[in-house]
Amino acid sequence: MVKPRRLRLLHLDFLLQGSRSETYAMKRCTLLSGLMSFATLVLLNSTSNAQDDDFKSIFNGKDLTGWEGQPELWSVQDGAITGTTSADAPIKSNTFLIWKAGELKDFELRLKFRIVDGNSGIQYRSTASDNYAVGGYQADIDATMRFMGILYEERGRGVLANRGKKVTIKSDGNKEETGQTCKEEELLASIKKEDWNEYVIMAKGNHLTQKINGHTTVDVTDEQSDKAKKNGVLAFQLHVGPPMIVQFKDILLKELK
């Protein structure tokens with residue numbers, strides 16, 4: 001016969017063994033869960049890197065190779081494309097620095113910009129003509145903040161969408177506001193005056209979006225087929241008006257399939 005004390009000891013030993021088994025199982029599950037999470041992170045990071053690898057730099061940071069504009073107005077300073085106008089020699093019409101090494105179709109463009117006084121913009125899917133004139137879609141840049149972030153059509157239909165608006169341009173040219181893209185006060189609060197900010201522009205078919213510092217400034221569907229452009233040049237603007245400086249750097253472009 002097994003004595004009661006012996007039974008209690010056997011029971012305690014059994015419980016301890018069970019507890020150790022449960023602890024081991026828990027540790028094993030935790031380890032497997034950690035490994036799976038790590039593998040997921042590696043996969044997501046690899047996917048992200050692969051997507052980032054699709055972007056190509058279209059400015060070498062040293063000179064204006066691949067770009068063309070009035071040489072007295074455009075240069076490279078501190079690793080950035082720099083456009084400058086002066087009171088001594090004011091420009092008489094809007095003028096542009098044009099990217100000559102390719103054409104925009106369906107794309108995503110990322111860059112950093114800085115403006116001191118005046119007005120500028122990023123032309124995309126646009127048309128170049130003589131004397132560095134350009135017309136077409138423009139992501140607006142404005143030191144006064146009045147037009148910052150709007151979608152404007154240079155030499156065309158004018159303002160296509162004010163910032164913070166989701167707009168459909170109907171086939172007859174009428175504009176229908178269908179929603180809001182961001183809170184204007186939050187967008188403006190995010191903009192660093194006379195410092196570097198980020199612009200992201202995406203065009204896919206007739207759908208156009210613009211973002212500044214992560215805020216979607218406009219979301220436009222252009223159904224006016226006789227006016228909507230599916231391809232064209234990329235260019236940066238110097239606007240008629242007061243002396244100004246505008247700069248662009250870290251210019252990355254990805255073709256969308």
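Within the stretch 203-257, which residues are among the polar types (S, T, N, Q) and more than 23 Å from Thr95 (Cβ to Cβ)? It would help to see each step written out before you state the result.
Kept after step one, since they are among the polar types (S, T, N, Q), are these residues of the stretch 203-257: 206, 209-210, 213, 216-217, 221, 224-225, 231, 237, 247.
Hits for the stretch 203-257 are Asn206, Thr209, Asn213, Thr216, Thr217, Thr221, Gln224, Ser225.
Could you say which residue among Gly179, Gly164 is surrounded by fewer than 13 Cβ atoms within 10 Å (Cβ to Cβ) and in contact with a Lys or Arg (Cβ under 9 Å, 6 or more places away or on another chain)?
Within the list Gly179, Gly164, the selection yields Gly179.
Hand me the list of strands (runs of 3 or more DSSP E) wholly inside the stretch 106-192 holding 2 or more residues that are under 30 Å from Asp53 (Cα atoms) and modelled with pLDDT of 95 or more.
The strands (runs of 3 or more DSSP E) meeting that bar are 107-116, 119-129, 133-142.
Scan the stretch 236-252 and give yes if some residue there is farther than 18 Å from Trp99 by Cβ, in a strand (DSSP E or B), in contact with a strand residue (DSSP E or B) (Cβ under 9 Å, 6 or more places away or on another chain) and not aliphatic (A, V, I, L, M), otherwise no.
Kept after step one, since they are farther than 18 Å from Trp99 by Cβ, are these residues of the stretch 236-252: 239-245.
Applying the additional criterion that residues be in a strand (DSSP E or B) yields 244-245.
Still in the list and also in contact with a strand residue (DSSP E or B) (Cβ under 9 Å, 6 or more places away or on another chain): 244-245.
Now narrow it down to the ones that are not aliphatic (A, V, I, L, M): none.
No, the stretch 236-252 has no match at all.
Let me confirm something: among Ser93, Ser33, Ser48, which residue is exposed (fewer than 12 other Cβ atoms within 10 Å of the Cβ), modelled with pLDDT of 95 or more, outside any strand (DSSP E or B) and among the polar types (S, T, N, Q)?
Working: Ser33 fails: modelled with pLDDT of 95 or more; Ser48 fails: modelled with pLDDT of 95 or more.
Exactly one residue qualifies, and that residue is Ser93.
Taking Lys204 as the residue in question, decide whether it is touching a strand residue (DSSP E or B) at 6+ places or on another chain (Cβ under 9 Å), within 28 Å of Glu255 (Cβ to Cβ) and surrounded by fewer than 14 Cβ atoms within 10 Å (Cβ to Cβ).
yes
Residue by residue, here is whether (1) among the small types (Gly, Ala, Ser); (2) touching a residue at least 60 places away in the same chain (Cβ under 8 Å); (3) surrounded by fewer than 19 Cβ atoms within 10 Å (Cβ to Cβ); (4) on the phi > 0 side of the Ramachandran plot holds:
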{"site": "Ile169", "(1), (2), (3), (4)": "no, no, no, no"}
{"site": "Glu186", "(1), (2), (3), (4)": "no, no, yes, no"}
{"site": "Ser190", "(1), (2), (3), (4)": "yes, no, yes, no"}
{"site": "Gln210", "(1), (2), (3), (4)": "no, yes, no, no"}
{"site": "Asp219", "(1), (2), (3), (4)": "no, no, no, no"}
{"site": "Ser225", "(1), (2), (3), (4)": "yes, no, yes, no"}
{"site": "Ala235", "(1), (2), (3), (4)": "yes, yes, no, no"}
{"site": "Met244", "(1), (2), (3), (4)": "no, yes, no, no"}
{"site": "Gln247", "(1), (2), (3), (4)": "no, yes, no, no"}
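Can you tell me how many residues in the stretch 206-231 are out of contact with any Phe, Trp or Tyr (no Cβ under 7 Å at 6 or more places or on another chain) and either outside any strand (DSSP E or B) or small (Gly, Ala, Ser) (or both)?
So the answer is 11.
The values are calculated or read from the model by the stated rules, or taken from the named source; none is laboratory data. In this text, all values refer to a predicted model and were calculated from it rather than measured experimentally. Don't worry about glycine lacking a Cβ; one is built from the backbone with ideal geometry, like all the others, and counts go over all protein chains shown.
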